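The structure appears below as structure tokens.
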Amino acid sequence: MIGKQDRSQRMLFIPGDIEELIPDDHILKRVDRVLDLSWLRKEVEDCYCLDNGRPGIDPEAALRMMLAGLFQGIVHDRKLMRETQVNIAIRWFAGFRLHEKIPDHSALTKIRQRWGLERFKNIFEKTVKACIAANLVSGETVHIDSTLIRADVSWESLTTKHADRVFEENKTDDNCDSHGGSKPKKLGRPRKHAKKPKKYSTTDPDATLSTANKKNRMEPTYKQHTVSDDKAGVIVDVELTTGEVSEGNKMVDAVDRIQRTTAKKIKHVTADMAYAHPKNFQALEKRDIEAVIPAKQQRPNSRGVPLRRFRYDAKNEIVTCPAGKKLYKKGRQRNGWSYSTSAAVCQSCPLCKDCVPPTAKKRVVRITDGYEALTRARRRKLKGWDDETKLLYKRHKWRVEGAHGEAKTQHGLRRAVRRGIDNVAMQVYLTAAVMNLKRLAAFLFLFFRITKLHGRAIKAQKPILRILITGTLFLRGNSSNSQITV
């Protein structure tokens, strides 16, 4: 029999709580069980006048709306407010009753400006500490990677920055800079070709042109540097920079921050080849951390003796060439030292034609900082990684690269929704906090189910289920009715 639904809804009063209308497995209902923002009011009270003006939006309600929007991939404030008007789950999660008016979308913009970047960073760090308290972070193996976020600008806003013209307009003297001091001397050889002027966006000057693949054209972007823990995929550290910043230069600082946050010793760090800098291998060796990073191999020379045939003695700081000649330290360069011998020694060598470039009289070898550590990493990769190392690097691809894909496809981080590096960083911190809350809520949901079944298993005396309960997941220091402060 075909059913018929009565679409006339004239009932004004519905008995019961609004919470009963929301399914128990809804993401906002799961997160609400572990989310405690009672500390937030005291954190932001210095941003408000306590005895003057009209009452503003409750800070907890505003933050809950921002989080609820990101849980559902809503990044624009206007769309979030429209969704909050009709979405019972968001109303309940933020604390608005059915008859209450939703604030204007501009209120969230003012709140972000008033709170500042550091408070949103603190919100993210609170979620990390909550995951640590729930034993979701091991701190022994971390995965580091970066991704580009398209800036919220149009191609028509790009223009060329003429640095030379600005310098000429502000120059006051041939030998002095604009502040009256002596101009620094130019180092290195003069340029053969003029430096191409950089392009930048007039609507968002903080964004810089970059690309993840040389085959693709460069776009105005920001770069997010993410560190994920191996145990449950919790994001333990995140940082935003402009798109042209090298990710390899951010690795050591991130490792030090994670060890301070987790108070645990890192044993393994995995990253892709973009982080294979000699100084990174050297810094990780000093910290007794195994670097699971594929080292870059030396470029094959079309002509000449390759660098790998030169032996470097770090103790005596001497380089020995294939012919047995000694090269000594001559000068400091940007990231290493140059080694060479006299022109007469090189010219008398039988390998001179194959070793010395045609435009030079002697061979100069540059030994970068951390060259020994890089050489050891290369040898280890050539010999072949063991099974454990291969597994760690395989997990890197879906632990941290998968987190980037999740943030872009599910939480709207593929493109920045606001302009300015601070505003984009707020979006990055909130997105990372949402992803951590998802993992925490999923873990506790499973823990509650296992705890609920624990008594039944003991009564039924089922040894297999008892082993599963005691050996699966353990929530340290929290009962099933407690809340973790986030």
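The values are calculated or read from the model by the stated rules, or taken from the named source; none is laboratory data. Nothing here was measured: the structure is a model prediction, and the numbers come from that model. Here Cβ is always computed from backbone atoms with ideal geometry, including for glycine, and neighbour counts include all displayed protein chains.
Overview of values
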| item | result |
| --- | --- |
| So D174, is it in a loop (DSSP other than H, G, I, E, B), modelled with pLDDT under 60 and not β-branched (V, I, T) | yes |
| Of all residues in region 96-124 being part of a helix (DSSP H, G or I) and among the basic types (K, R), the one that is nearest to G69 (Cα to Cα) | R112 |
| Cβ-Cβ under 6 Å pairs, at least 6 apart or on other chains, region 111-128 side touching a residue at least 40 places away in the same chain (Cβ under 8 Å), far side assigned to a helix (DSSP H, G or I) and acidic (D, E) | L117/D422 |
| Some residue of region 413-420 being in contact (Cβ under 8 Å) with a residue 24 or more places away in the chain, buried (at least 21 other Cβ atoms within 10 Å of the Cβ) and assigned to a strand (DSSP E or B) | no |
| Matching residues in region 29-53 - criterion: being exposed (fewer than 10 other Cβ atoms within 10 Å of the Cβ) and in a helix (DSSP H, G or I) | K42, D46 |
| Which listed residue, of K265, K250, is assigned to a loop (DSSP other than H, G, I, E, B) and either in contact with an Asp or Glu (Cβ under 9 Å, 6 or more places away or on another chain) or touching a residue at least 12 places away in the same chain (Cβ under 8 Å) (or both) | K265 |
| Residues located in region 62-87, provided they are outside any loop (DSSP other than H, G, I, E, B), buried (at least 16 other Cβ atoms within 10 Å of the Cβ) and out of contact with any Ser or Thr (no Cβ under 7 Å at 6 or more places or on another chain) | A62, L63, R64, M66, L67, A68, G69, F71, L80, M81, E83, T84 |
| Long-range neighbours under 6 Å by Cβ, at least six apart or interchain, first residue within 17 Å of K231 (Cα to Cα) within region 400-411, second surrounded by fewer than 19 Cβ atoms within 10 Å (Cβ to Cβ) and modelled with pLDDT of 95 or more | none |
| Single residue of region 384-422 satisfying the filter (of a type in the set (F, W, Y) and out of contact with any strand residue (DSSP E or B) (no Cβ under 7 Å at 6 or more places or on another chain)) that is modelled with the highest pLDDT | W385 |
